[in-house]
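Q: There's a structure below that I have some questions on.
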Amino acid sequence: MASHAPIGVFDSGVGGLSVLREIRSRLPGESLLYLADSGHVPYGEKTQAFIRERCQVIARFLLERGAKALVVACNTATAAGIVELRERYPNLPLVGMEPAVKPAARATRSGVVGVLATTGTLQSAKFAALLDRFASDVRVVTQPCPGLVECIEAGALDGAHTRKLLESFVAPLLEAGCDTLILGCTHYPFIKPLLREMLPADISLIDTGEAVARRLEALLAEKGLRRPGAGGVEFWSSGDPQRLEKVLPALWGEAAEVSFFSG
Ligand code: DGL
């Protein structure tokens, strides 16, 4: 595998762009290939079997386009599909995501941690295992957020409907005494400014985009696959490419063309 090959990154939609931004800022030399599975968003309410299959289809496509590494920039897809991806591609540098329970358990002072995530992530065996492993000394309050991903997909990052929905998800966490909130879905960093407005200043927000970029950097270095210089980005969507093109300036920071992925 050549170091100049791109890194494949995917999510159910635009959420993984929050991770792609961290990768771009940490590894500016890398060429990136981003696939938004927008034809099947949201993943949060779909079955694990369906998402597992989507992971396989998308991974095959990204590898056919020459990817030297894959990042599953989605907590829900990681929970459903990373084990099978690792089985199928045992030698591939592969990074997944999971809600940041370990750092949150360390950071909390009240001893109560809130997790905002999709229903799929919160109901997964992987999440249960994560709690068993790292949250035995703290209380964890989980909050599924149906409908929120759709707002973010539509670019409604601070509209009245998004605000109302988010307030209804955050209220029970505050009532429970959480002082640390985990953003357990890659879409949610895009509504951090809105969250900040509605939360007391002493509540911490934790997400995992930067940790994923660090892990990717370490894996590439280990395999001698780092690429210096300045890399480009290619965008693909299984939904309407123009929809993604419309939100890219706000979510990615610059305009770009998007190609259609029919898989
Ligand atoms: N961005 C995804 C995650 O990190 C999933 C959102 C969805 O499609 O429901 O969980």
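Q: Does at least one position in the range 155-175 carry a residue that is more than 16 Å from the ligand (Cβ to nearest atom), in contact with a Leu (Cβ under 7 Å, 6 or more places away or on another chain), among the basic types (Lys, Arg) and modelled with pLDDT under 95?
A: No, the range 155-175 contains no residue that is more than 16 Å from the ligand (Cβ to nearest atom), in contact with a Leu (Cβ under 7 Å, 6 or more places away or on another chain), among the basic types (Lys, Arg) and modelled with pLDDT under 95.
Q: Return yes when SER110 is touching an Asp or Glu at 6+ places or on another chain (Cβ under 6 Å) and either open to solvent by 30 Å² or more (accessible area, probe 1.4 Å) or modelled with pLDDT of 95 or more (or both) and no when it is not.
A: Taking the combined requirement at face value, the residue satisfies it.
Q: When ALA80 is evaluated against the numbered criteria (1) farther than 23 Å from ARG243 by Cβ; (2) surrounded by fewer than 15 Cβ atoms within 10 Å (Cβ to Cβ); (3) under 18 Å from the mean Cα position of the chain (by Cα), which criterion, by number, is the only one it fails?
A: Failing condition for ALA80: (2).
Q: Give, as residue ranges, the helices (runs of 4 or more DSSP H) completely inside the range 1-108 that count at least 3 residues that are within 13 Å of the ligand (Cβ to nearest atom).
A: The helices (runs of 4 or more DSSP H) meeting that bar are 17-26, 48-64, 75-88.
Q: Still on this model: Test THR186 against the stated conditions and say whether it is closer than 18 Å to SER18 by Cα, β-branched (Val, Ile, Thr) and within 14 Å of the ligand (Cβ to nearest atom).
A: yes
Q: Is it the case that some residue within the range 51-60 is modelled with pLDDT of 95 or more, buried (at least 18 other Cβ atoms within 10 Å of the Cβ) and under 26 Å from PRO228 (Cα atoms)?
A: Looking through the range 51-60, at least one residue is modelled with pLDDT of 95 or more, buried (at least 18 other Cβ atoms within 10 Å of the Cβ) and under 26 Å from PRO228 (Cα atoms).
Q: Can you tell me which residues in the range 199-208 are of a type in the set (A, V, I, L, M, F, W, C) and either assigned to a strand (DSSP E or B) or open to solvent by less than 40 Å² (accessible area, probe 1.4 Å) (or both)?
A: Selection gives LEU199, ILE203, LEU205, ILE206.
Q: I've got another one for you. For the range 123-142, enumerate the residues that are open to solvent by 30 Å² or more (accessible area, probe 1.4 Å) and either more than 28 Å from ILE82 (Cβ to Cβ) or within 14 Å of the ligand (Cβ to nearest atom) (or both).
A: Of everything in the range 123-142, those that are open to solvent by 30 Å² or more (accessible area, probe 1.4 Å) and either more than 28 Å from ILE82 (Cβ to Cβ) or within 14 Å of the ligand (Cβ to nearest atom) (or both) turn out to be GLN123, LYS126, THR142.
The values are calculated or read from the model by the stated rules, or taken from the named source; none is laboratory data. If you're wondering where the values come from, they're calculated on a predicted model, not measured in any experiment. We place every Cβ from the backbone using ideal geometry, glycine too, and count neighbours over all the protein chains shown. Please note that ligands, DNA and RNA were not included when accessible areas were found on the heavy atoms of the full protein model with its side chains. Shrake-Rupley method; radii C 1.70, N 1.55, O 1.52, S 1.80 Å.
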